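Asks: One structure, pasted below without further comment.
The values are calculated or read from the model by the stated rules, or taken from the named source; none is laboratory data. This one's a predicted model, so the numbers in the text were calculated from it and none came from an experiment. Heads up, the Cβs are rebuilt from the backbone with ideal geometry, glycines too, and the neighbour counts pull from every protein chain shown.
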């Protein structure tokens, strides 16, 4: 979903000398994963200059062809084609999971306007391979529970969606299954060519970030005709993207079933259902490890979205309702499982948590596991938001939490405040756990990573 993106203007960097100087600095001071040097250096025997261009803001000078080479490396399995808060009671003021707020007169970087409370879902195993036909009538599907009904992307304070949308999930050794039910009184779609801009129709969308770092994640959109558009996002658009459009997910299975008729005004439909099977062989590419699929207990960041236009009937055909003054189509509604607090789905830190269970669906129950790390990650995300805004106003990054307005935050189980290291055009914050077993890192491009210290 590409709607609602506000692209920041990229700061022009002068002369090649600046690029060379920064690259040399990065070579001397950064490890392969982009962590800042010093006592906290994370080194690697292999040196890869590409992450340094990304980390330093020089990515606009990195040849586009090499960006695509990086994308190809991530997608070797693709065939190319033309309420979470375990430490809530102990948090200081302001509360960690309250929305970020500033004086609206100076706020430049868009941030979520709702509390941090992602939904969660325990995904059970299917007893056997599922037939992907859109029916969702197999025994395992009947046993799986539905998610909460979708809400407006901006949150509960916006109008309730006009039609119900909900999702189920299952998995086996080969696929991650998604089943969706979309109420709809007028089922309509027009696009039939794969990799069309599907959200120009009413659609259903899936977003998957396997390792939860908010980078290198998947998007798939499908309309009621079963036409698919799949994308790989190297980074969120707010951090420069890009989206890789020219690939198809090898082994993807997707089907739609209409409860009523499609593109036939005059009758009343009940809706449509979507069934999708994502191969682990593809999803592992952005997992950040050598695992072929999730281990039981693993938690992935996932979200679902529905785009819905208001329709009128003209000369026996559906068309998008238009504004009476401008004559332009009315803006679409965006309904989601996990609201992001602004009209932009590409805030992966706000997506839901999906926990994979080794139990067969219907044979027992597993509770979702709350984690102090989830709150700590959100606390570091506040540093990212404040740094983005601080740089907009001051032209530099800060290593001072007082300047960033974050001195009163407290995070159970972690040694707050984080250590922040800053250069003229990049920064990194490190937050260690109290038991000194793990460290969390976040940097200027928004990537969040975890390192085991034991």
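Asks: Given the criteria assigned to a helix (DSSP H, G or I) and over 17 Å from residue 116 (Cβ atoms), does residue 375 qualify?
Replies: It is false that residue 375 is assigned to a helix (DSSP H, G or I) and over 17 Å from residue 116 (Cβ atoms).
Asks: Which condition from (1) crowded, with 19+ Cβ neighbours inside 10 Å; (2) farther than 22 Å from residue 449 by Cβ is the one that residue 381 breaks?
Replies: (2) is the only condition that residue 381 fails.
Asks: Looking at 194, 238, can you tell me which residue is more than 11 Å from the chain's Cα centre (by Cα) and over 26 Å from residue 272 (Cβ atoms)?
Replies: None of the others qualify; the one that does is 238.
Asks: Could you pull out every one of the strands (runs of 3 or more DSSP E) wholly within the range 256-330 that has 3 or more residues that are touching a helix residue (DSSP H, G or I) at 6+ places or on another chain (Cβ under 9 Å)?
Replies: Fully inside the range 256-330 and qualifying: 299-308.
Asks: Okay, next question. Would you check if residue 273 is more than 22 Å from the chain's Cα centre (by Cα), buried (at least 18 other Cβ atoms within 10 Å of the Cβ) and at pLDDT 95 or above?
Replies: The answer is yes for residue 273.
Asks: Output yes when any residue across the range 158-180 is part of a loop (DSSP other than H, G, I, E, B) and in contact with a helix residue (DSSP H, G or I) (Cβ under 8 Å, 6 or more places away or on another chain), and no when none is.
Replies: Checking the range 158-180: at least one residue is part of a loop (DSSP other than H, G, I, E, B) and in contact with a helix residue (DSSP H, G or I) (Cβ under 8 Å, 6 or more places away or on another chain).
Asks: Hey, residue 422 hits all of (1) under 22 Å from residue 215 (Cα atoms); (2) touching a helix residue (DSSP H, G or I) at 6+ places or on another chain (Cβ under 7 Å) but one; which does it fall short on?
Replies: Of everything listed in (1) under 22 Å from residue 215 (Cα atoms); (2) touching a helix residue (DSSP H, G or I) at 6+ places or on another chain (Cβ under 7 Å), residue 422 misses just condition (2).
Asks: Please determine whether any residue of the range 183-198 is in contact with a strand residue (DSSP E or B) (Cβ under 6 Å, 6 or more places away or on another chain), at pLDDT 95 or above, within 30 Å of residue 357 (Cα to Cα) and not in a loop (DSSP other than H, G, I, E, B).
Replies: Checked the range 183-198: at least one residue is in contact with a strand residue (DSSP E or B) (Cβ under 6 Å, 6 or more places away or on another chain), at pLDDT 95 or above, within 30 Å of residue 357 (Cα to Cα) and not in a loop (DSSP other than H, G, I, E, B).
Asks: I'd like the full set of residues that are buried (at least 23 other Cβ atoms within 10 Å of the Cβ) and either touching a helix residue (DSSP H, G or I) at 6+ places or on another chain (Cβ under 9 Å) or part of a strand (DSSP E or B) (or both), limited to the range 331-348.
Replies: Residues satisfying the conditions are 334, 335, 336, 338, 339, 340, 346.
Asks: While we're looking at this one, here's another question. For the range 116-131, which positions are assigned to a loop (DSSP other than H, G, I, E, B) and surrounded by 19 or more Cβ atoms within 10 Å (Cβ to Cβ)?
Replies: Once the filter is applied, which keeps residues that are assigned to a loop (DSSP other than H, G, I, E, B) and surrounded by 19 or more Cβ atoms within 10 Å (Cβ to Cβ), the range 116-131 yields 116, 118, 119, 126, 130.
Asks: Among residues belonging to the range 435-454 that are touching a helix residue (DSSP H, G or I) at 6+ places or on another chain (Cβ under 9 Å) and not in a strand (DSSP E or B), point out the one that is farthest from residue 398 (Cα to Cα).
Replies: Applying the filter and picking the extreme gives 447.
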